Structures are given as C-alpha cells and as structure tokens.
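For reference, the structure is listed below as structure tokens.
The values are calculated or read from the model by the stated rules, or taken from the named source; none is laboratory data. Source: prediction; values computed, not measured. Cβ: placed from backbone, ideal geometry, glycine included. Neighbour counts: every protein chain shown. Areas reflect the complete protein model, heavy atoms only, side chains present, ligands, DNA and RNA absent. Shrake-Rupley method; radii C 1.70, N 1.55, O 1.52, S 1.80 Å.
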Amino acid sequence: MKRARSDDRSQIDLFAPYVSDLPLRDQREVMERPFFSLAKKKRMKPIDYVSPDGNIFVRVTANADFGMATIWDADILIWAASMIQQLRARGKNDIPRTLSFHPYDLLKTIDRHTGGAEYRSLREALARLQSTTIVTNIRAPKGKKHRQFSWIESWTDDVDDERQFSRGMSITLADWFYEGIIMDGGLLSIDPAYFAITGGRERWLYRVARKHAGGAGPDGFAISFSTLFSKSGAEGTSRRFKFEILKIARENALPDYYLRIENEGSPDPLLRMIRRDAIGMFQASVTPAVPAEKDRVFMPLSKDTISAFRKEFPDENVFAFNGRFARWLKERSLSPDDYQAAFLEFARSQIADALA
C-alpha cells in the first residue's frame, strides 16, 4: 500500500468513523517491552531496558509537568492502530498519520465513560503521550544507532467557546509508531475485554501473553519471573514484583489466557501462559488440573447473545460489556449458572442505570 507522506498536511482532515465493535489491534513491538508506566500515579523515574543479548534497548523519559505515559494512555494508541487497520480494510489509500475524531467515539471504543471527568482525563493522556520521550534501536534505519520520538507528534481539540464542548479532536502519530502499524505483521488482535482490566501489571501481562502465547500452541509460552521483571519496567523491587505476579497468576482472571506457575519454590520461578481454548489439549500434562471452563471468570459470548445484545443496544460495544461483566462477577465472587442470560441482564441493568 502506498504510504502518505508524513508532511502532507492536505490529508489531515480524514475523520475516523465510529465503529461500535471495532476489531482491536495492538502494535506487536510495544506489547512486551517496557514502554509505559504501569502505575496510575505520576512517574518521573526513567525506564532503561536492555535485552538479555544486548541487541535491543529502550529508554523512556518523562516530562516534569505531565509525567510518563501510562499503560492506560496506551489505549488511545490501540484505538488509533485499530482505526487505521479498519480504514485500510475498507480500501482507503494514503492514510495519513493524523486522525480526526469525536472524543465521545474514542472513549466509547476504549470502554470509558463519556462525562466531563473522562474528557479531562483524555486531554491529560494526550499530553503525556506527546511529552513522553522514547529512545530505542528497534526498527532504527540501517547505519543508525537509535530513533527518538514521542508517541504522538501533536494533538488538537476544537472547543466551542460558548458551550465549552469539543467539536472534534485530532492526533498525529509518531512516524515510528505509524510505520509499525502499516508494516506487514505489525499488528496483533486483542480481546475488547482488555479494556476492562483494571491493574497495570495485569494489563501488561495480558499483552505479553498475547504476543508470545497467542500462536504458541497447546504448551503455551513460559518465561522466568526475572525476565518478566526486566521487561516490565516496573518500579519497586523484584521481590515485590514477584509477589504481585504470583497473586495475579493465582487469581487467573485474564481474558483469553490461563496462567500457571512452575518451579514456584525456586529463586526464579516460571510463568506459563496458555490460550484458554487450548487448555483441553494441555490438560493431560498439567498437575494440578487446570480449572474447568465453567470455573473461569471470563467466558466468550455465544452468537445468539451477541445478536440479542446488538439488536437491543446497536450503539454499544458488546465485547467491552462482556469485559465489564467479567470484572463485576470477579469482584463479587459470583459464577452464574447461565452466563449468557446473566450477561444480558447485567447489560440491561447497566444501560438503564446510565439513562436514569
């Protein structure tokens, strides 16, 4: 596909259409390495990562006013990557790095509320994405040692001064990120339930699992805790990180992926990640047994349930609601006998409450 010149300003008015069930895509090179803060509090400490073989490095530095871009801010980049992929699938050519959009549509897609507080949070996230600086040799041109960029080059907000609401926003993506979207194999699909994951470490771990275990077959993918800690860029000690990952693995509530601890008594245990739809093939070799399908928190929706939801609520994201429902069940330690019927009742209740 012919790529638009990055300095072609005549094409910046491409307005991203709203897609209620936008197929979500993440840029594979940012899914496993430490590009974002995993904490909601303001982070100023830089991230410095070097791969075990010494061939790859990542350095992330924060702006004193805004702090470092967080893994929740990265939801905006997932939306942008997904939208560009959708436009390409529709046959659009010369898609520029600048996308214009209604903030309401973006917030709905990434499963956020759409009130004034969320709108302010969106502006703050855009400020962090623009002000955070990344230096890496990943995809550096031949003969060059590294590239330096921020996630977005610029952003705008067209505010109606009289009524104080946004008529539309735009973001211009960094060349490095844009190139990663349009290159062959640059994107991986993710479950919309990802947006319902509340913890930063859980979100990062889901992305690692999707990157490595998504196509790994019934044995999944195993990684040591020490390597996980290095790749996470998390603040704090490795001991604290190990404690938190053990807790996440025991809760085992990530969408799509089952987590299994191996060699737990060793100084450096392994975390094995297995696609939940491959558990049956892995079951015979696992001790203790993997929890049965009915015992897990998150479950996929049937075609009939999806159809019923879309008929009642055509403007809502059915998959994002499923993520919310799974989180709601987990918080209350509930396991409904009929997950599909319970999901529809939950959605009706939630939407009715929002309209009240």
Handout entry: Boolean, Glu124 is at pLDDT 90 or above, part of a helix (DSSP H, G or I) and closer than 24 Å to Arg327 by Cα
Key = no
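Table: residues versus (1) of a type in the set (A, V, I, L, M); (2) touching a Phe, Trp or Tyr at 6+ places or on another chain (Cβ under 8 Å); (3) modelled with pLDDT of 95 or more; (4) open to solvent by less than 40 Å² (accessible area, probe 1.4 Å).
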| residue | (1), (2), (3), (4) |
| --- | --- |
| Arg167 | no, no, no, no |
| Leu173 | yes, yes, yes, yes |
| Phe177 | no, yes, yes, yes |
| Met183 | yes, no, no, no |
| Leu187 | yes, no, yes, yes |
| Gly217 | no, no, no, yes |
Completion exercise
Quick count over the range 17-43, residues being touching an Asp or Glu at 6+ places or on another chain (Cβ under 6 Å) and free of Cβ contacts under 8 Å to residues at least 40 places away in the same chain, is 0
Problem - Sole residue being surrounded by fewer than 17 Cβ atoms within 10 Å (Cβ to Cβ), at pLDDT 90 or above and out of contact with any Ser or Thr (no Cβ under 7 Å at 6 or more places or on another chain), chosen from Asn55, Asn63 - result: Asn55
Practice task
Quickly run through the range 70-89 and pick out the residues that are open to solvent by less than 10 Å² (accessible area, probe 1.4 Å) and more than 13 Å from the chain's Cα centre (by Cα).
Solution key: Met83, Ile84, Leu87
Exercise for the section: Quick one: count up the residues across the range 145-159 that are without any contact (Cβ under 8 Å) to a residue 12 or more places away in the chain and within 19 Å of Tyr49 (Cβ to Cβ). Expected result: 1
Problem - Every residue from the range 189-224 that is touching a Leu at 6+ places or on another chain (Cβ under 7 Å) and either farther than 22 Å from Ala80 by Cβ or free of Cβ contacts under 8 Å to residues at least 60 places away in the same chain (or both) - result: Arg201, Glu202, Leu205, Tyr206, Ala209, Ala222, Ile223, Ser224
Practice task
For residues that are surrounded by fewer than 18 Cβ atoms within 10 Å (Cβ to Cβ) and either modelled with pLDDT of 85 or more or assigned to a helix (DSSP H, G or I) (or both), tally how many sit in the range 309-326.
Solution key: 4
Completion exercise
Only unsatisfied item for Arg163, checking (1) among the basic types (Lys, Arg); (2) modelled with pLDDT of 95 or more; (3) assigned to a loop (DSSP other than H, G, I, E, B), is (2)
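Here is a yes/no grid of residues against (1) open to solvent by less than 10 Å² (accessible area, probe 1.4 Å); (2) closer than 22 Å to Thr198 by Cα; (3) modelled with pLDDT of 90 or more:
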{"site": "Ser226", "(1), (2), (3)": "no, no, yes"}
{"site": "Phe229", "(1), (2), (3)": "no, yes, yes"}
{"site": "Arg250", "(1), (2), (3)": "no, yes, no"}
{"site": "Leu254", "(1), (2), (3)": "yes, yes, no"}
{"site": "Tyr258", "(1), (2), (3)": "no, yes, no"}
{"site": "Arg276", "(1), (2), (3)": "no, yes, no"}
Problem - Test: residue in the range 47-69 that is at negative phi, aliphatic (A, V, I, L, M) and in a helix (DSSP H, G or I) - result: no
Exercise for the section: Count, please, the residues in the range 10-40 that happen to be hydroxyl-bearing (Ser, Thr, Tyr), at pLDDT below 85 and outside any loop (DSSP other than H, G, I, E, B). Expected result: 1
Practice task
Please list, ordered by first then second residue, the pairs with beta carbon atoms under 8 Å, 6 or more apart or interchain, first in the range 59-80 and in contact (Cβ under 8 Å) with a residue 60 or more places away in the chain and more than 16 Å from Arg112 (Cα to Cα), second part of a helix (DSSP H, G or I) and open to solvent by less than 10 Å² (accessible area, probe 1.4 Å).
Solution key: Ala69/Ala125; Ala69/Leu129
Practice task
Scan (1) out of contact with any Asp or Glu (no Cβ under 6 Å at 6 or more places or on another chain); (2) buried (at least 22 other Cβ atoms within 10 Å of the Cβ) for the single condition Phe195 breaks and write down its number.
Solution key: (1)
Exercise for the section: Please work out if Asp48 is in contact with a strand residue (DSSP E or B) (Cβ under 6 Å, 6 or more places away or on another chain), modelled with pLDDT of 70 or more and more than 20 Å from Thr156 (Cα to Cα). Expected result: yes
